[in-house]
Amino acid sequence: MSEKRRYLVAAIPLIVVAALFGVFGWQILSGHDPSEIPSVLIGKPAPKIDLPALQGSNRPALTDAEISGRFTLVNVFASWCIPCRAEHPFLMKLAEDPAINLVGINYKDKPAKALQFLNELGNPYSAIGVDENGAEAIDWGVYGIPETFVVGADGTIIYKKIGPIDAASYENEILPVINRSIGPASRLKN
């Protein structure tokens with residue numbers, strides 16, 4: 001092997017490492033959050049929804065009629081989801097805001113377990129749909145829970161929050177979307 005060729009072969013790993021450093025450096029300096037996964041549904045009409053009610057919850061089924069013409073937060077939750085339990089106290093506070101229509105999709109859960117969860121922690125939802133097999137969640141682009149979709153009064157999805165909502169994420173992520181969409185909303189605090 002010629003000496004030139006040996007240097008070239010030796011330089012390939014260095015070039016690869018330098019390229020990786022460049023990509024990682026750009027990610028860090030750009031301010032882009034690599035954990036943020038954009039939804040292809042942002043700016044598009046919310047998927048049609050027609051889920052049966054959670055029996056015993058005293059809430060209606062989750063259908064298009066429950067979100068049509070109203071600013072709505074669609075929260076995807078399950079009784080087996082630990083972060084769902086963590087966000088639940090804040091959802092109870094959000095439910096007090098008359099400007100917000102908070103509805104729930106109970107995802108891949110046994111209805112009896114979901115009802116027990118809500119009876120224990122309170123029921124913040126104006127309507128709850130049961131999605132036992134997860135088919136409806138696929139239409140919404142759900143891949144992990146909790147997830148919350150902000151749906152405008154015109155039926156357009158305007159934001160998707162992945163992970164639990166707390167006072168900070170509401171204030172910094174969701175409230176600015178609400179304010180741009182419907183004007184100043186209540187500023188819930190802990």
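The values are calculated or read from the model by the stated rules, or taken from the named source; none is laboratory data. Source: prediction; values computed, not measured. Here the Cβ positions follow ideal geometry from the backbone for every residue, glycine too, while neighbour counts run over all protein chains shown.
Side notes on the structure shown:
Okay, residues lined up against (1) at pLDDT below 95; (2) over 14 Å from residue 77 (Cβ atoms); (3) surrounded by fewer than 16 Cβ atoms within 10 Å (Cβ to Cβ):
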site	(1), (2), (3)
123	no, no, no
127	no, no, no
130	no, no, no
135	yes, yes, yes
139	yes, yes, yes
143	yes, yes, yes
152	yes, yes, no
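- Unmet requirement for residue 113, which otherwise passes all of (1) at pLDDT below 95; (2) touching a Ser or Thr at 6+ places or on another chain (Cβ under 8 Å); (3) under 19 Å from residue 144 (Cβ atoms): (1)
- Of the helices (runs of 4 or more DSSP H) lying entirely inside region 1-98, those carrying at least 2 residues that are modelled with pLDDT of 75 or more and not assigned by TED's automatic domain parsing to the domain that holds residue 127 are 3-30.
- Some residue of region 74-96 being over 19 Å from the mean Cα position of the chain (by Cα) and surrounded by fewer than 16 Cβ atoms within 10 Å (Cβ to Cβ): yes
- When 139, 109 are screened for being of a type in the set (Asp, Glu), assigned to a loop (DSSP other than H, G, I, E, B) and under 24 Å from residue 60 (Cα atoms), only 109 passes.
- In region 74-89, the residues that are touching a Phe, Trp or Tyr at 6+ places or on another chain (Cβ under 7 Å) and not small (Gly, Ala, Ser): 74, 76, 77, 84
- Filtered residue count, region 146-167, keeping only those that are in contact with a helix residue (DSSP H, G or I) (Cβ under 6 Å, 6 or more places away or on another chain) and not in a strand (DSSP E or B): 5
One line per residue, one yes/no per condition, for (1) of a type in the set (Phe, Trp, Tyr); (2) in contact (Cβ under 8 Å) with a residue 60 or more places away in the chain; (3) in contact with an Asp or Glu (Cβ under 9 Å, 6 or more places away or on another chain):
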{"position": "59", "(1), (2), (3)": "no, yes, no"}
{"position": "68", "(1), (2), (3)": "no, yes, no"}
{"position": "77", "(1), (2), (3)": "yes, yes, yes"}
{"position": "99", "(1), (2), (3)": "no, yes, no"}
{"position": "113", "(1), (2), (3)": "no, no, no"}
{"position": "129", "(1), (2), (3)": "no, yes, yes"}
